[in-house]
1. Report Rg (one decimal) and Dmax (nearest whole number) for the range A:295-342, counting Cα atoms only, units Å.
2. Take every residue in peptide B:315-323, count the Cβ atoms of other chains within 10 Å of its Cβ, and give the average of those counts.
3. By DSSP, what percent of the beta bridges with both residues in the protein assembly as shown are antiparallel, rounded to the nearest 5?
4. Expressed as an acute angle from 0 to 90° and rounded to the nearest 10, what is the orientation of the C-alpha long axis of helix A:257-266 relative to the principal long axis of chain A?
5. Taking the number of other C-beta atoms within 10 Å as the exposure measure, put A:Asp295, B:Asp180 in order starting with the fewest.
6. Would you grab the residues whose amide H sits under 5 Å from the one on B:Thr10? Only those 5+ places off in sequence or on another chain, please, with H modelled 1.01 Å from N.
7. Quickly rank A:351-357, A:22-28, B:241-247 as a protection proxy: mean count of other C-beta atoms within 10 Å, highest first.
8. Using only the C-alpha atoms of chain A, find the volume of their convex hull and express it per residue in Å³.
Amino acid sequence: MKYVDEFRNRDIAERLVKRIREACHQRITLMEVCGTHTVAIHRNGLPELLPKEITLISGPGCPVCVTPVSDIDRAIALSQKDGVIIATFGDLLRVSGSQTSLLKQCSLGADVRIVYSAYDAFYLAEQNPERQVVFLGVGFETTAPTVAAVIRRAREAGLNNFSVLSMHKVLPPALLSLVTSPQVKINGFICPGHVSTIIGTGIYKRVAADFHIPCVVAGFEPVDILQAIALLVEQIERGEAKVEIQYLRAVSPEGNLKAMAIMDDVFETSDSIWRGFGMLPQSGLKLKADYAQCDAERRYNIPPVKSQEPPGCICGDILRGIKRPPDCSLFKKLCTPDNPVGACMVSSEGTCAAYYQFSGVNIA
Amino acid sequence: MKQDIRGKGTITLDHGGGGRAYRELIHTYFLPRFANPYLEKMDDSAVVEIPQGRVAMTTDCYVVDPIFFPGGNIGSLAVCGTVNDLSVQGARPLFLSAGFILEEGLSLNDLEKILIAMEEACREAGVIIVTGDTKVVPKGKADKIFINTTGIGIIQPGVDISGSNAKAGDKIILSGTMGDHGIAILSQREGLAFDTSLKSDVAPLNHMVRQCLTMSREIHAMRDPTRGGVAAALNEIALQSNVGIRINDAAIPVKEEVRAACEVLGLDPLSVANEGKLLMFVVPGDALRVLEEMRKNRYGKGAQIIGEVIPDYRGRVIMATAMGGTRIIDMPLGEQLPRIC
């Protein structure tokens, strides 16, 4: 595939591995913030290629995983309302709420449809004028602008049977929470390419300058990731902490101004609960009053649910990079992709799912 | 009178009533397509002569949605799927049965297209449908058309092929590109429709298998990687035979369009369904000869040796990644979920 194969080239990868091995002289812990990176790392068997001194830990960059049980419970409560069609990305279906999951509700008669984009939910509403369609908005700055665009279109079209339950989150507060936490020891960040395409590199400059942690924005192919690791290791060995963009073919320092403008038009930040992090101030996105008619939060009186995290599950610590999946007593025993206990096992981008699916040659 | 219903109209509940409408449907649509002395007798059972040898028997239900897709339809699938299930057991397919559940409202034109595809697939595979049944259910009680086919084949003496016979050292041949069928189907799904020139690979593989069997007496195991794809088929054999399997990412043939669609949809081509491919486990000394023979068949042109059976990692499948690392290939879970970002 053009523009992809060159980033999967084994010779280049081998040269990068050699470069990393030559540069690395100390124990280094790097966090890949994004779930897509976690998957790419394990799918390509990269940990095995790296020197033992380098530990990769996974961060909070899987949107499904950081969605708290309470939000899943609210989505499930909405699915039980008469006449409501829930439109959602597939990953959310299997995530357990306190009692049940959307998938289980489906088998009991809830009308839940998998969509690939918020636009599909919009069309679903157009095609079902007698029903209410609620789109479950989950995702970071990568996803939020397209959802915002759909909300704008729904308002323009006067579509009054379409709304969004916004559980969107923004990444910078979680990143700052990680670097200020005494439990978390990270020597460098592999920064998320997709999110950075939208938000640019402003936040990483702060992390690098104020906390002296180098940041490299990376693409998602194996060569991208290896090059990012090489750049990080070299910075760390030189005692530097600056922001570099490895993913130059997609990311600019200022980000995508148009996408951010649409997002700002429709959403405003609000306090938000993250699985593993708890409440992070101004880390969520809710619909502005101008778009109240598309706001499921305002439209429906969702009864408060007493939510409970599954006992024994350490997803929270995994999302902050304090623990790794094999440290969990449930991993591969009670918690499997067929029967996930925590959210990190559900999403294909979840750390536990990635470990379960792709690695384990040595940890099995 | 027979011409009255041809080419227009739809299936009604009358067609399932066992009376005149039913007979007309059978005589106009079914019998002419599948004409053979066994079927034409119209007895309650077909009585057939079976040549000497062990008999293999298999059954499968076909409920594919959509019923028409690039490269085939539910009819070609219903014949090829069962022919292939017999073939990968080393059996020569001979006779099929076909059961149809038709939803009230199915267009007769569509039914005819499906039956034509079945007729063509039977002719190519050299099998005949010797008995059948048709039921009609009210609208909403089925989705357009469901088909069940059962197949009978015979196994030549000396042929012993089973998913539990794979042995350490065996080379694993994949007969061509992975995932064509699954992606062709997905490209047509409501809400997901995308343009692609990709066609389903649905095809009867019995002739290719017969050719390969003449090249080696030590083909140990075969499987057609349908639902769950190559990942599921290899995991099944690793478990059944209690062996490890190592495959090589770089050796696995995948079409460019399939790879691209999988990237976009967040799917793994290894877990995507095929309907005209097989995996063959062959003793190492015969592998190249069998591979060469397979490539002579139109359905085996893209065949590759993709890996081998190893004594360790029992019950598991591992893959050498193109980057030089290793990863586990797990049994895929149910439906693959579309990814979010």
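Just so it is clear, none of the values below were taken in a lab; they were calculated from the coordinates. For clarity, every value in this text was computed on a predicted model and none was experimentally measured. A quick note on method: Cβ atoms are made from the backbone with ideal geometry, for glycine too, and the neighbour counts reach across all protein chains shown.
1. Over the range A:295-342's Cα set, Rg and Dmax evaluate to 15.2, 43 Å.
2. On the way: counts 0, 3, 0, 4, 4, 1, 12, 8, 19.
Mean partner-chain Cβ count within 10 Å for B:315-323: 6.
3. Values: 53 of 97 bridges.
Around 55 percent of the beta bridges assigned by DSSP in the protein assembly as shown are antiparallel ones.
4. 30
5. Working: A:Asp295 18, B:Asp180 27.
By the 10 Å Cβ count, ascending: A:Asp295, B:Asp180.
6. Distant-sequence amide H within range of B:Thr10: B:Leu108.
7. On the way: A:351-357: 26.3, A:22-28: 15.0, B:241-247: 21.0.
Top to bottom by mean Cβ count within 10 Å: A:351-357, B:241-247, A:22-28.
8. Working: hull volume 50.7 nm³, N = 364.
That works out to 139 Å³ per residue.
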